[in-house]
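**Student:** The structure under discussion is supplied below as structure tokens; questions concerning it will follow.
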Amino acid sequence: AVSYTRFLSPDEIISASTDSSLKLWNMRTQECVRTFSGHTNEKNFVGLTTSGSEWIACGSENNTMYSYYRNLSQPAVTHKFGNCNPVTGVEQPEDDPSLFVSAVCWKNKTNTLLSANSQGIIKILELV
């Protein structure tokens, strides 16, 4: 099932699906141009954002942010959130299935990305 869509350019859209894939669609031909994989999205909305017509970012149910370049089917950049309790600062088991990256947002016309997870932790990331 499709969980989210965004425009990548005037003639292209990105769709996020609960089969753990993102798809780039050409609206004129109505064809899938590329499938992006690497993140996990089976039950939770994990966010989807674009930067210009080149970059796509999404969260994942493994508590990691994934960034894809439009011409590559695999992630170009990932960032694992880790599992530190935000109140106590104590590290918790890394494989906690309740943790996921739930929100991503590019800052307009920059290489800066906001990302937040299900613990309420917000990170400012910069692609360099």
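Nothing in this text is a laboratory measurement; each read-out follows from the coordinates by a stated rule. Just so it is clear, the model here is predicted, and its values are computed rather than measured. All Cβ positions, even for glycine, are placed from backbone atoms using ideal geometry, and neighbour counts span all protein chains on display.
**Student:** Listed here are the pairs K23/K107; K43/K109; K43/K80; which of them are more than 24 Å apart at the Cα?
**Tutor:** Details: K23/K107 22 Å; K43/K109 31 Å; K43/K80 19 Å.
Checking Cα-Cα distances, K43/K109 exceed 24 Å.
**Student:** Of the GluC sites (Glu not before Pro) in region 34-128, which ones lie in a loop per DSSP and count no more than 15 other C-beta atoms within 10 Å?
**Tutor:** On the way: sites: E42, E54, E61, E91, E94, E126; in loops: E42, E54, E61, E94.
Passing both the DSSP loop test and the Cβ count: E42, E54, E94.
**Student:** Specify the inter-centroid distance of region 1-39 and region 58-128, based on alpha-carbon positions, in whole Å.
**Tutor:** 20 Å
**Student:** Same structure again: How high is the relative contact order of region 1-113? Use alpha-carbon pairs under 8 Å, at least six apart in sequence, and give a whole percent.
**Tutor:** Numbers: 255 pairs, mean separation 22.7, N = 113.
Relative CO of region 1-113 lands at 20 percent.
**Student:** Sticking with the crude label model, points 7 Å out along Cα→Cβ, report the distance from S20 to K123 in nm, one decimal please.
**Tutor:** 2.0 nm
**Student:** Relative to the present Cα-Cα distance, how much length would full extension add between D96 and Y4 at 0.36 nm per residue of separation?
**Tutor:** Details: separation 92, 0.36 × 92 = 33.12 nm, distance 2.47 nm.
Result for the pair: 30.6 nm of gain on full extension.
**Student:** Treating each Cα of region 65-128 as an identical point scatterer and ignoring solvent, apply the Debye formula and state log10 I(q)/I(0) at q = 0.16, 0.20, 0.23 Å⁻¹.
**Tutor:** Computed log10 I(q)/I(0) values: -0.60, -0.86, -1.03.
**Student:** Let me ask you something else. Per residue, how big is the convex hull of region 1-101 when only Cα atoms are used? Give it in Å³. Can you show the working numbers first?
**Tutor:** Working: hull volume 9.5 nm³, N = 101.
Convex hull volume per residue, Cα atoms: 94 Å³.
**Student:** Using DSSP to define loop residues, name the trypsin sites (Lys or Arg not before Pro) in region 77-128 whose beta-carbon has at most 16 other beta-carbon atoms within 10 Å.
**Tutor:** Working: sites: K80, K107, K109, K123; in loops: K107, K109.
For trypsin sites (Lys or Arg not before Pro) across region 77-128 that sit outside H, G, I, E and B with at most 16 neighbouring Cβ atoms in 10 Å, the list reads K107, K109.
**Student:** From zero outward in steps of 10 Å, how is the percent of C-alpha pairs of region 1-50 spread across the bins?
**Tutor:** 29, 55, 16, 0
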